[in-house]
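As structure tokens, the structure follows; a few thoughts come after it.
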Amino acid sequence: MMPDNMKDAIVIFENYNIRRIYDEKSETWFFSVVDIISILIQQTNHQKAKSYWTTLKNRLKNEGSQVVTKCDQLKLKATDGKKYLTDVANTETLFRLIQSVPSPKAEPIKLWLAKVGHERIQDMSDPARSVDRARNYWQQHGRSEKWIQQRMMGQETRNKLTDYWKSHEISKEEEYAILTNINHKEWTGLTVKQHKEIKNLRTQNLRDHMSEAELIFTALAELSTRQIAETMKATGMPENAVAGQKGGTVARNARSELEHKTGKRIVNNENFLPKEKVARLR
């Protein structure tokens, strides 16, 4: 279990997900070292980035560098939904570590770390800052106002569903992942992993690369799930799994109806990756 004074989450730099954890006691952000390394070497393959970090860590130890000893190990969620001990470091240590990796991303990531480490702490006491910053982020990445509005409304719908789960005996990370997958597969016909694969996504957040229509139907599936769960008074995994499947069915039926009338598929392989990154993935 994570200590009560620790809060973990994911933040985005360009198209990379960076895991980080906030220690309320010391008021410090700790970031996953391997996630920062993946940006520096521009490597989307987690295992290759991990291997690079292992080699670099050994070299720094042999050189007598204090950087490695200043890294901590905390449990962070991996792509399989489980939590593992992961090397983490605060911004000060990361700044020193970044100097050891020749990379055109070195200066941009240092500027970003300095900024996000400050802003995120403010966000905890002023949620409106987080909303405004998210909107600015998507605008800078060329998303339309309609897409941004739907993405943020979808997140609010998602939060209400997870709040319901949390208050009805769903507490483990893997339980959230399982229920999400049940709901998602029911309306799309694909698991979350399969949906990411057809969009050529690896570490990226699937919802950040959904079309406006995909976001709308995801929100419909999750809204329906919550309302059905509330009606059923669903508690625990089995009952919430049933509600998730029923909620997904509502969205699946609506999707089928729209596809029949328009002749256009809702679930698609489109993404918002930079063109050069898509080319490398193929």
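Only the coordinates and a few stated rules stand behind these numbers; no lab work does. Note that the structure is a prediction, hence the values are computed from the model and not measured. Here Cβ is always computed from backbone atoms with ideal geometry, including for glycine, and neighbour counts include all displayed protein chains.
By the gyration tensor of its Cα atoms, with a ≥ b ≥ c the square roots of the eigenvalues, what is the shape of segment 144-281: rounded for a/c under 1.5, prolate for a/b over b/c, or oblate? Each step should come with its number before you reach the end.
Working: a/c = 1.91, a/b = 1.51, b/c = 1.26.
Prolate, because a/c is 1.5 or more and a/b exceeds b/c.
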Inset, instruction - Taking the Cβ of Asn268 as the centre, find all other residues whose Cβ is under 10 Å away and add up their charges (Lys, Arg: +1; Asp, Glu: -1). - result: +1
Inset, instruction - Pick out, from Ala177, Phe95, Tyr52, the residue whose Cα sits farthest towards the positive end of the charge dipole of the chain, with +1 on the Cβ of Lys and Arg and -1 on the Cβ of Asp and Glu. - result: Tyr52
Inset, instruction - Evaluate the charge dipole of segment 6-125 about its Cα centre and quote only its size in Debye, nearest 20, assuming +1 on the Cβ of each Lys and Arg and -1 on the Cβ of each Asp and Glu. - result: 380 debye
Legend entry - Rounded tilt (10° steps) of 236-262 against the dominant C-alpha axis of the chain: 70 degrees
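Based solely on its DSSP helices, what 222 nm [θ] is calculated for the chain when runs of n ≥ 4 H residues each add -39,500 (n - 2.57) and the sum is averaged over all residues, nearest 500 deg cm²/dmol?
On the way: 11 runs with 167 residues, N = 282.
Only helices count here, giving -19500 deg cm²/dmol.
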Inset, instruction - State the antiparallel share, in %, of DSSP beta bridges confined to the chain, rounding to the nearest 5. - result: 100 percent
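What does the convex hull of the Cα atoms come to per residue for the chain, in Å³? Before the final figure, lay out each step's value.
Working: hull volume 39.2 nm³, N = 282.
Convex hull of Cα atoms, per residue: 139 Å³.
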Inset, instruction - Would you list, by chain and number, the lysines whose Cα falls below 22 Å from the Cα of Lys146, excluding same-chain residues fewer than 8 positions away? - result: Lys160, Lys199, Lys264
Legend entry - Tilt relative to the chain, helix 127-140 - C-alpha long axis, 0 to 90 degrees, to 10: 90 degrees
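Can you give the extra length, in nm with one decimal, that the chain gains between Ala177 and Lys160 once fully stretched, where that is 0.36 nm per residue apart less the Cα-Cα distance? Don't skip to the end; give the middle numbers.
Details: separation 17, 0.36 × 17 = 6.12 nm, distance 1.56 nm.
Computed gain between Ala177 and Lys160 is 4.6 nm.
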Legend entry - Convex hull of segment 6-125 built on C-alpha atoms - directionally averaged projected area, nm²: 7.3 nm²
Inset, instruction - Would you list, by chain and number, the lysines whose Cα falls below 19 Å from the Cα of Lys110, excluding same-chain residues fewer than 8 positions away? - result: Lys70
Inset, instruction - Please turn the phi angles of segment 216-227 into ³J(HN,Hα) values with the Karplus equation 6.51 cos²θ - 1.76 cosθ + 1.60 (θ = phi - 60°), one per residue in order, whole Hz, x for glycine and proline. - result: 5, 6, 5, 5, 4, 4, 7, 5, 4, 4, 5, 5
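State the dimensionless ratio Rg/Rh of segment 73-118 (Rg: radius of gyration of Cα atoms; Rh: Kirkwood radius).
Reported Rg/Rh, Kirkwood definition of Rh: 1.06.
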Legend entry - Dipole in debye (nearest 20) - the chain, about Cα centre, beta carbon charges: Lys, Arg +1; Asp, Glu -1: 880 debye
Inset, instruction - Taking the Cβ of Ala49 as the centre, find all other residues whose Cβ is under 14 Å away and add up their charges (Lys, Arg: +1; Asp, Glu: -1). - result: +4
Legend entry - Sequence ranges 244-251, 189-196, ranked by mean other-Cβ count within 10 angstrom, highest first: 244-251, 189-196
